[in-house]
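The values are calculated or read from the model by the stated rules, or taken from the named source; none is laboratory data. Note that the structure is predicted; figures quoted are calculated from it, not measured. For neighbour counting, all protein chains shown are included, and Cβ atoms are generated from backbone atoms with ideal geometry for every residue, glycine included. Protein only, heavy atoms only, side chains kept; ligands, DNA and RNA dropped before computing areas. Shrake-Rupley method; radii C 1.70, N 1.55, O 1.52, S 1.80 Å.
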There are 2 protein chains.
Amino acid sequence: MQYSAIKDLIRGQVEIGTPVEIRGWVRSRRDSKGGFSFLSVHDGSAHAAIQAVLPGELPNYQSEALHLTAGCSVIVRGELVASQGKGQSVEVQANALEVCGWVDDPDSYPIAKKRHSFEYLRSVAHLRPRTNTFGAITRVRTVLANAVHRYFYERDFQWVNTPLITASDCEGAGEMFRVSTLDLHNLPRNAAGQVDFNEDFFGREAFLTVSGQLNAEAYCLAMSKVYTFGPTFRAENSNTSRHLAEFWMVEPEVAFADLNDDAALAEDFLRYLLTAVLNECGDDLAFFNEFIDKGLIKRLEGVVARPFARMDYSEAIRILESADRKFEFPVAWGEDLKSEHERFLCEEHVGGPLIVSNYPKDIKAFYMRLNDDERTVAAMDVLAPGIGEIIGGSQREERLEILDQRMAAQGLDGLEWYRDLRRYGTVPHAGFGLGFERLLNYITGMENIRDAIPFPRVPRQADF
Amino acid sequence: MQYSAIKDLIRGQVEIGTPVEIRGWVRSRRDSKGGFSFLSVHDGSAHAAIQAVLPGELPNYQSEALHLTAGCSVIVRGELVASQGKGQSVEVQANALEVCGWVDDPDSYPIAKKRHSFEYLRSVAHLRPRTNTFGAITRVRTVLANAVHRYFYERDFQWVNTPLITASDCEGAGEMFRVSTLDLHNLPRNAAGQVDFNEDFFGREAFLTVSGQLNAEAYCLAMSKVYTFGPTFRAENSNTSRHLAEFWMVEPEVAFADLNDDAALAEDFLRYLLTAVLNECGDDLAFFNEFIDKGLIKRLEGVVARPFARMDYSEAIRILESADRKFEFPVAWGEDLKSEHERFLCEEHVGGPLIVSNYPKDIKAFYMRLNDDERTVAAMDVLAPGIGEIIGGSQREERLEILDQRMAAQGLDGLEWYRDLRRYGTVPHAGFGLGFERLLNYITGMENIRDAIPFPRVPRQADF
């Protein structure tokens, strides 16, 4: 594979005058009256394409070069030269052109050069990474995902691959997909005429998980610092720009940590991720900043620059109640904060990221630690300007007796193994969850979460 | 969190004489006749536990220290001192002990100190990471997984999160799990009395994927170098030490690459991963080498040290046919190699890792590139001593006409989007798949794949 990534050529890693070979796909062709052509070639390694100058003297200039269209794959050999034209500093003066693959019926090529709506591009999700926007999203996603792993690795967290298939349906975080090998056309029945799940693959009902947290806690209470980073699922029939049926989530969990430690970790983690993207994705972020969301880079730099504000839920309610603002949803102690409230608090009241802590116990999950006031739990949400909640976490209830009360109050039973973690060397511990696609949207300015994952799964949509 | 990871203390990162605090779980307690006790404390950060010396003068020595048992969680403050005892160079001379969590009924603590069988430990998978063996597996798994990402990141591969839920059931790699939100107790029926999947969540039948490859190819033909690293599923009712219903797989895919490039990548990748573990997991590997598999480190070093041998399938068959060996399964051109054949070839014939290429087309998947002999395809398997196949890959069929013939021959249709990749700027490309748990078993010497993943899913087993 003796060829150059376009990234290395345009970033000056290869000297002018060097013989080079590039391999990629045609973005566009422009023919000069002087009898030569300009070919714009991309290979996914960089935001920019590189320009190749195809002289009329190429043996296949008439027969092939002049028939190239967007999407054709080519190999171009030549010399790297300083570019005379605008918009690029180097180009390839070609002395050989090889066409690898033509485009079948160029007029109907689904992503021919003109701009397409993001909605349309979702219908050709197998081709959209060839566009500027989705190429950029792919690169930013990779940088962000690697920053996630690097952050935890450098801090001695263990990456725990918690199971996707689960037989416990009591996590309470949302509707679940059933996983089964039963023949729906011929369901096994027991003596009572009920579907006999004993005949199913796992010998019982099984589902796709909504969170790796409970399993991560088991590893946390052995390894001290762990995280999950994997797919999670929601079977909610929500056809919105913010919901996916399948998405990736990051969930760290730390032993001997309380809610303050948790908030500090969330803040540090978020700052690290944004800094990594700001440092490593300059060209792609500049593109998003120019074409998708004008204030993007400034907003990200703002989040990185200042310490996150902190406030109790009860204080947040007081601020919202006394705000000179009409909200769509009511503000009252005991109600969850809606997006409009969250955004008011961080965008207008604080003017920056904000961590809200200690929510009413009745609106939060059973595993969150009961505070001494017995009305609130040690939960926290990180709110960011322009999006609202970006991280949600809590200190976990480590006291068996109180955990049992909370489970009973929510009508949950079972989970003996989870109770064991409190019976055998329990310790205070805390963690949080970060929706990866949601963060990616925040970083790129993209509005629809279906554009933050390669092949989105949503109600009535599992193409590709 | 002003406390020290045990790892940092035992590796000499903290000076002797420094006041330190450790937080972790008791592995064992030993009382001296001199009126003080030794406590062995682990926190998951290192293979070794650290010894804390608890003097009888501690205010809670009688009331608490003397009641500590394996599994209790403690915070110990004191001074880091050079150890007088055997087996450790430093220990903590305690001046304060705080018990965070007791063990409920120590006699029945499921992983009390004596050794347990791995089979038993699977039944307490939520507690087994507290054992030496599973703590070590967890750390090696993390190092290995991070090495996977680092390898590709440093080489400008894009990490593509291919979908887990898929509506295409024609990948042909194995039986699949159905994913559904239909109420099995009240299935919707169409006019013909058939189950009406139009009413299901995705508006059609959906399954858990067996491979991300086809989706990765779409991104490969835009970004040039991509990989997946995520969960995949098999609904095969195989209750063996080598099968999991849910496991993690690494699948790189490279554009403008042929089978030789693919084999070179596989060899380089495997060498990188083993080198990373050899360099970073010294203590844990030494443990596996001593207690699990005596020849382990030598075998891994052997794989790293020498170039992998290469041979065609046809040559492999000739060697097997003329071998002075009785095989259980027949050897004949056209039959797949069984584990006994693979191991003979690499362990006895070659004496090291071996890459076998160009298998008969009829035993391989439709997407593998047909060779000019029209009898074989450009497939390759990497075989390693002690395990057999560890990587399987191929150059992909990039020619639409031949792909169509191959699909027709195997009775497949649909996959229009996959055909599009050959209609629009097709290029030669190649990739492979590596089963992550299989590699982890190879590296640790563990025999059962259920011990290589935190919470294994197998037939009739989805606990935790």
Practice item. For the range A:302-318, enumerate the residues that are part of a helix (DSSP H, G or I) and either in contact (Cβ under 8 Å) with a residue 40 or more places away in the chain or closer than 18 Å to A:Asn441 by Cβ (or both). Key: A:Gly302, A:Val303, A:Val304, A:Tyr313, A:Ser314, A:Ala316
Practice item. Just one of (1) open to solvent by 10 Å² or more (accessible area, probe 1.4 Å); (2) under 21 Å from A:Thr162 (Cα atoms); (3) assigned to a loop (DSSP other than H, G, I, E, B) trips up B:Met249, so point out which. Key: (3)
**Study point:** Neighbours by Cβ (under 6 Å, 6+ apart or cross-chain): first from the range A:259-280, assigned to a helix (DSSP H, G or I); second surrounded by fewer than 18 Cβ atoms within 10 Å (Cβ to Cβ)
**Key:** A:Asp261/B:Met1; A:Arg271/A:Val304; A:Leu274/A:Val304; A:Thr275/A:Val304
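Results for (1) touching a Lys or Arg at 6+ places or on another chain (Cβ under 7 Å); (2) under 24 Å from A:Asn289 (Cα atoms), shown as yes or no for each residue.
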site: A:Gly302; (1), (2): no, yes
site: A:Tyr313; (1), (2): no, no
site: A:Glu335; (1), (2): no, no
site: A:Leu354; (1), (2): no, yes
site: A:Ala365; (1), (2): no, no
site: A:Asn371; (1), (2): no, no
site: A:Glu374; (1), (2): no, no
site: A:Ile390; (1), (2): yes, yes
site: A:Gly393; (1), (2): no, no
**Study point:** Hits in the range B:408-422 - residues which are touching a Gly at 6+ places or on another chain (Cβ under 9 Å) and part of a helix (DSSP H, G or I)
**Key:** B:Arg422
Check your understanding: Name the pairs: first residue in the range A:148-160 and within 9 Å of chain B (Cβ to nearest Cβ) and buried (at least 19 other Cβ atoms within 10 Å of the Cβ), second residue in a loop (DSSP other than H, G, I, E, B) and at pLDDT 95 or above, Cβ to Cβ under 6 Å, at least 6 apart or on different chains?
Key -> A:Val160/B:Pro454
Check your understanding: Does the range B:189-212 contain at least one residue that is of a type outside the set (A, V, I, L, M) and more than 13 Å from every other protein chain (Cβ to nearest Cβ)?
Key -> yes
**Study point:** Subset of the range B:423-456 that is within 13 Å of chain A (Cβ to nearest Cβ), assigned to a helix (DSSP H, G or I) and open to solvent by less than 10 Å² (accessible area, probe 1.4 Å) - its residue that is farthest from A:Val124 (Cα to Cα)
**Key:** B:Leu440
Practice item. Tell me, yes or no, whether the range B:113-122 has at least one residue that is at pLDDT 95 or above and in a loop (DSSP other than H, G, I, E, B). Key: yes
Review point. Can you find even one residue in the range B:408-426 that is touching a Cys at 6+ places or on another chain (Cβ under 8 Å), touching a residue at least 24 places away in the same chain (Cβ under 8 Å) and more than 22 Å from B:Thr166 (Cβ to Cβ)?
Key: yes
Point to revise | Which numbered condition B:Glu398 fails, given (1) touching a residue at least 40 places away in the same chain (Cβ under 8 Å); (2) within 12 Å of chain A (Cβ to nearest Cβ); (3) part of a loop (DSSP other than H, G, I, E, B) | key: (1)
Point to revise | Every residue from the range B:319-336 that is in a helix (DSSP H, G or I) and either farther than 20 Å from B:Ser357 by Cα or not aliphatic (A, V, I, L, M) (or both) | key: B:Glu321
Study note, to complete from the structure: Restricting the range B:213-240 to residues that are touching a Gly at 6+ places or on another chain (Cβ under 6 Å) and buried (at least 22 other Cβ atoms within 10 Å of the Cβ), the one farthest from the other protein chains (Cβ to nearest Cβ) turns out to be B:Thr228
Check your understanding: Got at least one residue in the range A:175-187 being crowded, with 22+ Cβ neighbours inside 10 Å, in a helix (DSSP H, G or I) and in contact (Cβ under 8 Å) with a residue 40 or more places away in the chain?
Key -> no
Exercise for review: Could you tell me whether the range B:323-346 includes any residue that is over 30 Å from B:Lys7 (Cα atoms), in contact with a Pro (Cβ under 7 Å, 6 or more places away or on another chain), in contact (Cβ under 8 Å) with a residue 12 or more places away in the chain and open to solvent by less than 40 Å² (accessible area, probe 1.4 Å)?
Suggested key: yes
Point to revise | Lone unmet requirement of (1) surrounded by 14 or more Cβ atoms within 10 Å (Cβ to Cβ); (2) at pLDDT 95 or above; (3) not basic (Lys, Arg) for B:Gln62 | key: (1)
Exercise for review: Filter the strands (runs of 3 or more DSSP E) completely within the range B:1-71 down to those with at least 3 residues that are away from chain A (no Cβ under 14 Å).
Suggested key: B:19-31, B:50-54
Check your understanding: Listed residues B:Leu244, B:Leu221; which is farther than 24 Å from A:Pro163 by Cα and either in contact with a helix residue (DSSP H, G or I) (Cβ under 9 Å, 6 or more places away or on another chain) or modelled with pLDDT of 95 or more (or both)?
Key -> B:Leu221
Review point. Of all residues in the range A:13-32, how many are without any contact (Cβ under 8 Å) to a residue 60 or more places away in the chain, farther than 11 Å from A:Gln51 by Cβ, open to solvent by 60 Å² or more (accessible area, probe 1.4 Å) and over 31 Å from the mean Cα position of the chain (by Cα)?
Key: 1
